[in-house]
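A short worksheet on the structure shown next.
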Amino acid sequence: MTLVAFDFDGTLSDSEMMVLLGEQYGVADEIGDITARAMRGELSYAESVYERAALLEGLPEPEAQAAYEQVFLRPGAADLIAALNDAGHTTAILTGGFTPGVEAALAKEHTEVDHVVANDLPVADGHLTGDADGPLIEGTKDEALESLCVETGTDLADTVAVGDGANDLPMLKAAGTAVGFIPKPAVRPHCDVVVATMPRLRRVFEEDGLL
């Protein structure tokens with residue numbers, strides 16, 4: 001059986017959690033500016049996460065949850081995950097996004113994956129603290145994928161990674177099969193397959209004998 005690891009923001013979902021949170025607090029433009037600086041290479045990914053999280057200090061937890069409730073899976077994603085689960089494969093989400101948003105999106109579709117590796121925005125006294133923590137701030141997705149392989153007894157060659165952005169590159173390079181989901185230009189050359197919809201990805205898996 002195969003371990004199939006998905007990125008979340010930009011792949012399984014077209015939602016951007018940081019933007020949704022920023023909209024709740026009136027700081028979406030500032031968050032966008034930090035994201036743009038990171039994409040230009042002026043900030044590391046970790047620095048961009050910490051700076052954006054700091055802008056959310058004091059956001060009431062109910063408003064944060066309201067933002068997370070606006071996170072949705074792409075059309076066809078839930079059916080694809082269910083098909084992979086039914087076929088006996090291990091499914092995982094490896095994301096720099098946040099656990100509550102992933103869980104909210106999965107719950108709306110009554111969908112489950114075997115493993116979620118994500119970050120969190122800590123809460124104290126009912127408000128976001130402005131901090132961020134989790135394995136995929138300083139850590140990389142290839143490390144997370146390798147850890148899951150050890151945990152599940154899967155050979156790295158028997159993994160499929162699906163992602164779109166620069167922080168997915170380590171995972172895509174490490175996996176046995178790298179699938180780009182509408183990948184960024186710098187990511188596309190490192191993909192074995194490129195798709196633009198979840199139904200197309202399902203057909204790819206069917207052609208490869210996974211489904």
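The values are calculated or read from the model by the stated rules, or taken from the named source; none is laboratory data. Every value quoted in this text rests on a predicted model; they were computed, and no experiment measured them. Here Cβ is always computed from backbone atoms with ideal geometry, including for glycine, and neighbour counts include all displayed protein chains. Calculation scope for accessible area: heavy atoms of the full protein, side chains included, ligands and nucleic acids excluded. Shrake-Rupley method; radii C 1.70, N 1.55, O 1.52, S 1.80 Å.
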Evaluation of LYS184 against (1) closer than 25 Å to GLY41 by Cα; (2) crowded, with 19+ Cβ neighbours inside 10 Å; (3) not acidic (Asp, Glu) (one fails), failing number: (2)
Members of the range 172-211 found to be farther than 22 Å from ALA78 by Cβ and part of a helix (DSSP H, G or I), listed by number: LEU172, LYS173, ALA174, ARG188, PRO189, HIS190
Lone qualifier among ASP133, ASP142, ASP164, ASP192 - being open to solvent by less than 20 Å² (accessible area, probe 1.4 Å) and out of contact with any Leu (no Cβ under 8 Å at 6 or more places or on another chain): ASP164
Helices (runs of 4 or more DSSP H) wholly inside the range 1-109 that include at least 1 residues being surrounded by 15 or more Cβ atoms within 10 Å (Cβ to Cβ) and in contact with a Lys or Arg (Cβ under 9 Å, 6 or more places away or on another chain): 17-25, 28-39, 45-55, 77-86
Some residue of the range 119-129 being modelled with pLDDT of 95 or more, open to solvent by less than 10 Å² (accessible area, probe 1.4 Å) and either touching a Phe, Trp or Tyr at 6+ places or on another chain (Cβ under 8 Å) or not in a strand (DSSP E or B) (or both): yes
Residue identified as of a type in the set (Val, Ile, Thr), touching a Cys at 6+ places or on another chain (Cβ under 7 Å) and closer than 25 Å to VAL195 by Cα among THR159, THR90, THR140: THR159
Number of positions in the range 56-93 that are touching a residue at least 60 places away in the same chain (Cβ under 8 Å) and closer than 17 Å to ALA132 by Cα: 7
Yes/no for ALA157 being farther than 19 Å from PHE8 by Cβ, part of a helix (DSSP H, G or I) and open to solvent by less than 80 Å² (accessible area, probe 1.4 Å): yes
Close pairs from the range 138-152: first in contact (Cβ under 8 Å) with a residue 40 or more places away in the chain, partner in a helix (DSSP H, G or I) and buried (at least 18 other Cβ atoms within 10 Å of the Cβ), Cβ under 6 Å, at least 6 apart: LYS141/PRO170; LYS141/MET171; LEU145/MET171; LEU145/ALA174
